[in-house]
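Values in this text are rule-based calculations from the coordinates and carry no lab data. None of the values given here were measured: they were computed from a predicted structure. Please note: Cβ atoms are built from the backbone with ideal geometry, for glycine as well, and neighbour counts cover all protein chains shown.
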Amino acid sequence: MQWLSLSRVFTIRTVESKTGLSQHTIRAWERRYGALQPTRTPTNRRIYGEDDVEKLTLLRAAVQAGHGISQVAPLTIEQLRALLSREGGLPHALPAAGDAEVGQALLSGCQRAAADYDSDGLSSVLTRGAALLGLSALVDLVIVPFMRGVGDKWEQGDLSISQEHLASQVVRGFLDRARTAIDAPPGSPVAVVATPAGEVHELGALIVAVTAAVQGWRVLYLGPDLPIEELVRTARQSHARLVCLSIVVERKERTFDEGIARLRFELGTGVAVVVGGRAAGSHSSAIERSGAKLLEDFGSFRNLLSNLRI
C-alpha cells in the first residue's frame, strides 16, 4: 500500500474517463486476463494508481494496433512501451474517446471488410471491438447497426448475396463463440432462446442469447426453426424463467399468432415470454393478447432481464 501515499489514486469512473475504456472492459481485462490488480478500500471499492492508468492506456493502444488482449495483458508497462515503440504506435496520451466514437470507427471497419470480402478482417474488427467496448456496447453500437445496414444494402443492390452471406456467417460465428465463452454464475436463472418453426434467420436470436448471457443468465440456445411443443418441453424440463423468440420474416398466416398464444398458455404465468425481431411488430396485437412481451430495443430487454432476476 506504500504507493498510495506517493501517487494519485483514482476511482474506476475516473479511469474510464482517462483511458477511454468502458468500465465493463476494464473489469473484464482485470478478471479474465489479469491485466491489473487494483487495490480495494475497506468497503471493497476498487482504486487505481497512475501506473494502472498508464498500463490501460498502453493496452488500449496495443489492442487498437491489432494485438489480442490475451497476449498483451501479461506484459509490463516497459514491455508494452517497447512493443508499441517498435511499431510506431507509442502514445504520449491516448484521447479518451467515448464508446460512441469508438463504435463508429469499428462500424466503419466492419463495413469496409464486408465490401472487400475480408472475412478475417471482419472477425478481427469484432474481436477488437469486444475488447475495447465490451459485448453489450459492441452489440448496440456495432453489430446491430452493421447487420441492419447489410440487410438494407443487399435489398438496395449495393451488396451482393455473397457479401451479405459472408457478413452474416462471420457475425454468427463471433456471437456463437462469445455466447459459449460466458460462464453463468451458480444458481443463475435459465433463459431459452430460439426462433419459431419456419424461421431460419437466427442472428437476432443469437444477439438475444449473448445479451442474456452477459446479464448473468444461463442460456439454452436452441437455434432456428423450433416447434412450439419443443420450446414448451425444454422450458419445463430446464425450469426456465424466460423464453425468447426472434422472427425476421413477416408472416401473413395465423400460424405464429396461434403458436405464441399456445406457448404463453402452456408455460403459465411463471415463465416470461419475449418476442423480438424485424417482423415482431406486425404481430404486436397477437403478442399483447397472449400476455407475452414485445422486445422493442435491447435497453428495455436488459431492464427486463434485471427485473426478472429479483
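When only C-alpha pairs under 8 Å and at least 6 residues apart count, what is the relative contact order of region 15-172, in percent?
It rounds to 24 percent for region 15-172.
Using mean Cβ contacts within 10 Å as the protection proxy, how do 279-289, 58-68 order, highest first?
Per-residue Cβ counts within 10 Å, averaged per peptide and sorted highest first, yield 58-68, 279-289.
For region 3-86, with the dipole built from +1 on Lys and Arg beta-carbon atoms and -1 on Asp and Glu ones, taken about the Cα centre, which of PRO74, SER22, VAL53 lies farthest toward the positive end?
SER22
Show which aspartates and glutamates lie in cross-link reach of LYS55 when reach means a straight Cα distance below 16 angstrom and same-chain residues fewer than eight apart are skipped.
Reachable aspartates and glutamates: GLU16, GLU30, GLU78.
Taking amide H atoms as placed 1.01 Å from N in the peptide plane, list the residues 5 or more away in sequence, or in a different chain, whose amide H sits under 5 Å from that of GLY276.
Amide H neighbours of GLY276, under 5 Å, 5+ apart: LEU245, SER246, ILE247, LEU295.
Projected onto the charge dipole of region 99-180 (+1 at Lys/Arg Cβ, -1 at Asp/Glu Cβ, origin at the Cα centre), which of SER123, LEU106, VAL150 gives the Cα projection farthest towards the positive end?
Going by the charge dipole, the pick is SER123.
In a shell of Cβ-Cβ distance under 11 Å around ASP158, excluding ASP158 itself, what net charge do Lys and Arg (+1) and Asp and Glu (-1) give?
Around ASP158, the charge tally is -2.
Angle check, please: helix 77-86 long axis (alpha carbons) against the longest principal axis of the chain (alpha carbons), in degrees 0 to 90, nearest 10.
The answer is roughly 90 degrees.
If the only charges are +1 at each Lys and Arg Cβ and -1 at each Asp and Glu Cβ, what is the size of the charge dipole of the chain around the Cα centre, to the nearest 20 debye?
That gives the chain a dipole magnitude of about 1100 debye.
Which angle between 0 and 90 degrees, to the nearest 10, do you get for helix 119-133 versus the longest principal axis of the chain when only C-alpha atoms count?
That works out to roughly 70 degrees.
Calculate how steeply helix 161-181 sits against the longest principal axis of the alpha-carbon atoms of the chain, using the helix alpha-carbon long axis, and give the answer as 0 to 90 degrees to the nearest 10.
Approximately 70 degrees, to the nearest ten.
If one computes the Cα centroid of region 239-302 and of region 101-125, what distance in Å separates the two points?
Their Cα centres are 32 Å away from one another.
What does the charge dipole of region 184-309 about its Cα centre add up to, to the nearest 20 debye, if the Cβ of each Lys and Arg holds +1 and the Cβ of each Asp and Glu holds -1?
400 debye
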